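Take a look at the structure below.
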Amino acid sequence: MARHSNLGRRGRLAAGAAAVIASVLILAGCASGGTAAPGSSEGGDEAASYGEISVQYSWIKNEEFAGEFYAYENGYYDESGFGDVIGISGPDTGVAKLLSGTVQVALSDAASIGAAIAEEEAPLKIIGATFQKNPFTILSLADGGNITKPEDLVGKTIGVQDSNASVFAALLNANDIDPADVTVVPVDFDPTPLMNGEVDGFMAYLTNEALTVELAGYDIANLAYAENGVPYVAETFSVTDQYLAENKELLKAFLIAEIKGWTDVFQESTDDTVSLIEQYYNQAAAESEDGLEAVFGALDPVKTGKGLEAEKLLISTEETEANGLFTISDELKEQTVASLAAAGWDVSVDDLFDTTIIDEIYEENPELKDYLP
């Protein structure tokens, strides 16, 4: 069973990346992976033993990591040869921790990884993605701003978090909207300003704040980024270039366990999965010194269930049904890079992605593609 970290402070910026890049070039070898079992080699006939790895989660331990919880609960990490997979609560993009060797894998997003590569030449790669569609939306009230298409943004006041300013700018850029035609006001992640009528729209997540407002009794409208010019992958499996080069078999084993865990999310009932999520959330809350429940409250099973179903729409697409979970098509890679360019981050597909391992997994284990019940 994984150990759980304390909750970090809110925010999804790649803060601190520059400070550690220089040191990672000197100390990059400090976070190499586990070794094969005595008397065997990785990929040989005997099972490998990879020891312990640390994985940074992008957010608190809620439904975003239901697949990871199943991987623990059903022994998939154990089967893959890991002595311990330490899941570390966010919020955290994982960029700085990857570069310093504090964690070996981060569940991050294309914007954070792409920004670090573009701005700091960070040696990072995305090797797979849970979310085929990013979860960002401009949330509005149906009887208020009612923002359903990009041109509806013109003349509106939109609440945008500082950490999301570049991605909001990408939405305007992708839809040829002059920033001067939109009034942006700073907000945090609490959608109360929208419900109070202080803003016409609010930058939110389809899987989070949109559900909070809807469950509060409001009729809502969504302008989803992924469907309106800013498609990019999220909840990405991200690693350093060196760790990828030196630990391909370990990462292959890790991703197989992850595939099995997320397959269970699709095949088990929502009620059973929500119960499992509650177990892991409550454990993280009990171990948190930063007051997880004080900040986020007790887990709401109704919202959690709705969030889980919303996530499935971001995870499962025609492409993943054909190619398997976490795969990223060439077209989606190009779309992701174009979306990042609209936000001001210029990276190439080769700079950002290396999906060789996930492709090899499905070539060798085609049965793993069948995640739907």
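If you average the C-alpha positions of segment 106-157 and of segment 296-371 separately, how far apart do those two centres end up, in angstrom?
With segment 106-157 and segment 296-371 each reduced to a Cα centre, they are spaced 14 Å.
Could you give the C-alpha radius of gyration of segment 253-342 expressed as a fraction of 2.2 N^0.38 Å, taking N as the number of residues it contains?
1.36
Over the chain, with every protein chain in place, what whole percent of the accessible area is carbon and sulfur at 1.4 Å, could you tell me?
Ligands and nucleic acids excluded, carbon and sulfur give 46 percent.
Given G305, A180, N222, which one lies farthest toward the positive end of the charge dipole of the chain, if we put +1 on the Cβ of every Lys and Arg and -1 on the Cβ of every Asp and Glu?
A180
What is the antiparallel percent of DSSP beta bridges lying wholly in the chain, to the nearest 5?
Antiparallel bridges make up about 55 percent of those DSSP assigns within the chain.
If you line up the Cα atoms of segment 158-314 on their principal axes, what length do they span on each, largest first, in Å?
51, 38, 33 Å, listed from the longest principal axis down.
For the chain, what is the calculated [θ] at 222 nm in deg cm²/dmol (nearest 500), taking -39500 (n - 2.57) for each run of four or more DSSP H residues and dividing by its residue count?
It comes out at -12000 deg cm²/dmol, rounded to the nearest 500.
Would you mind checking K97/K248; K248/K312; K133/K312 for any pair whose Cα atoms are more than 18 angstrom apart?
Distance filter (> 18 Å) returns K97/K248; K248/K312.
Take the Cβ-Cβ distance between T102 and A245 as r, set R0 to 25 Å, and report the resulting FRET efficiency rounded to the nearest 0.05.
It comes to 0.85.
May I ask which of K61/K156; K61/K149; K125/K333; K125/K252; K303/K333; K306/K333 have a Cα-Cα span longer than 24 Å here?
Beyond 24 Å: K61/K156; K61/K149; K303/K333; K306/K333.
What accessible surface, in Å², does a 1.4 Å probe find on T356, ignoring ligands, DNA and RNA and rounding to the nearest 10?
Here the residue's solvent-accessible area equals roughly 70 Å².
Just the number please: accessible area per residue for the chain, 1.4 Å probe, all protein chains included, in Å².
Counting only protein heavy atoms, the per-residue value for the chain is 40 Å².
Per residue, how big is the convex hull of segment 215-273 when only Cα atoms are used? Give it in Å³.
For segment 215-273, the hull spanned by Cα atoms encloses 155 Å³ per residue.
Quick one: Debye curve from the C-alpha atoms of the chain, no solvent, what's log10 I(q)/I(0) at q = 0.08, 0.11, 0.12, 0.13 Å⁻¹?
Here log10 of I(q) over I(0) equals -0.39, -0.75, -0.90, -1.06.
The values are calculated or read from the model by the stated rules, or taken from the named source; none is laboratory data. Small disclaimer: the values here were computed from a predicted structure and weren't measured. Reconstructed Cβ throughout: ideal geometry from the backbone, glycine too, with neighbour counts over all protein chains shown. Note: accessible area is taken over every heavy atom of the protein model, side chains too, but ligands, DNA and RNA are not part of it. Shrake-Rupley method; radii C 1.70, N 1.55, O 1.52, S 1.80 Å.
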